[in-house]
Every structure is written in structure tokens, then in C-alpha cells.
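Colleague: One structure is given below, represented as C-alpha cells, and several questions about it will come after.
Bear in mind these aren't lab numbers, they're just calculated from the coordinates by the rules spelled out. Please read all numbers here as calculations on a predicted model, not as lab measurements. Because the Cβ atoms are built from the backbone with ideal geometry, glycine has one as well, and the counts that use them run over all protein chains shown.
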Amino acid sequence: MITISIPATQELANHFAKKAPRPIRIYLEDTGCSSMQLALAGDEVRDGDKVVEQGGFTLVINEELSEAVGTVSIDSAQYGFIISSEKPIAGGGGCS
């Protein structure tokens, strides 16, 4: 399941106001030092994706990632978005 807050929906609407809307992928991003986080990017639907229509947007996530992280919530922040998951994302270890 994917949920998107009203403020995040408004931010996405502002972003796509003068652009053709496209699917928004939720993916696992390497942030360095063996750390991972969920992120958003414009993309296309691929085989093996779970597709959710919410707030007037098409959200896609790889089915295996979806099963691993559980419910994904998208909210807006001062700069960008906060993408959180029901289940913690494994990783980390720090830099030396």
C-alpha cells in the first residue's frame, strides 16, 4: 500500500503543473556509507511493478521492494519529500 499526504499531493501537482504527468517511481537509493533510503523519481511502469493510482498520480514500486518495506507513506518537507516505510530498511554501517 502507498499513501500520499494532501500537502505532498499539492507539491506534486505544482511540479507537474506545466509538464506532462508521468509515473512516479518509489525506489531504494544508495546514500553512501552502506546506507539506503526510499526516494522518488519520474519513470515508466516496468514488468514486476506494483502500480497504485493515488491523488491523481500513478505511483510505481518494484513488487519485491514493496513486499520488503510494507506500506510506504509520502509526505512533503520544507525541501522535497519524506518517504517512510512500515518496515525498516536494512543497511547502514557507517563510514570509516
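Colleague: Based on the Cβ-Cβ distance from E53 to K18, what FRET efficiency comes out when R0 is 22 Å, to the nearest 0.05?
Modeller: 0.50
Colleague: Further question: Within the stretch 21-63, report the trypsin sites (Lys or Arg not before Pro) that DSSP leaves as loop and that have at most 14 other Cβ atoms within 10 Å.
Modeller: R46
Colleague: Please compute the Kirkwood hydrodynamic radius over the stretch 16-96, one decimal place, Å, based on all pairs of different Cα atoms.
Modeller: 13.8 Å
Colleague: Which lysines have a Cα lying under 26 Å from the Cα of K50, excluding residues fewer than 8 positions away in the same chain?
Modeller: Within reach: K19, K87.
Colleague: Have a look at T31, T58, T71 and tell me which one the Gaussian network model of the chain (Cα, springs below 10 Å) gives the largest fluctuation.
Modeller: In the Gaussian network model the winner is T31.
Colleague: Then there is this: Tell me the net charge near V45. Cut-off is 14 Å between Cβ atoms, V45 excluded, with +1 for each Lys or Arg and -1 for each Asp or Glu.
Modeller: Result for the neighbourhood of V45: -2.
Colleague: Please identify, among I26, I74, I82, the residue showing maximal mean-square fluctuation in a Gaussian network model of the chain using a 10 angstrom Cα cutoff.
Modeller: I82
Colleague: DSSP loop (so not H, G, I, E, B), at most 10 other Cβ within 10 Å: list which GluC sites (Glu not before Pro) in the chain pass both filters.
Modeller: Answer in residue order: E44, E86.
Colleague: Among F81, F16, F57, which one moves the most in a GNM of the chain with springs linking Cα atoms closer than 10 Å?
Modeller: Fluctuation is largest for F16.
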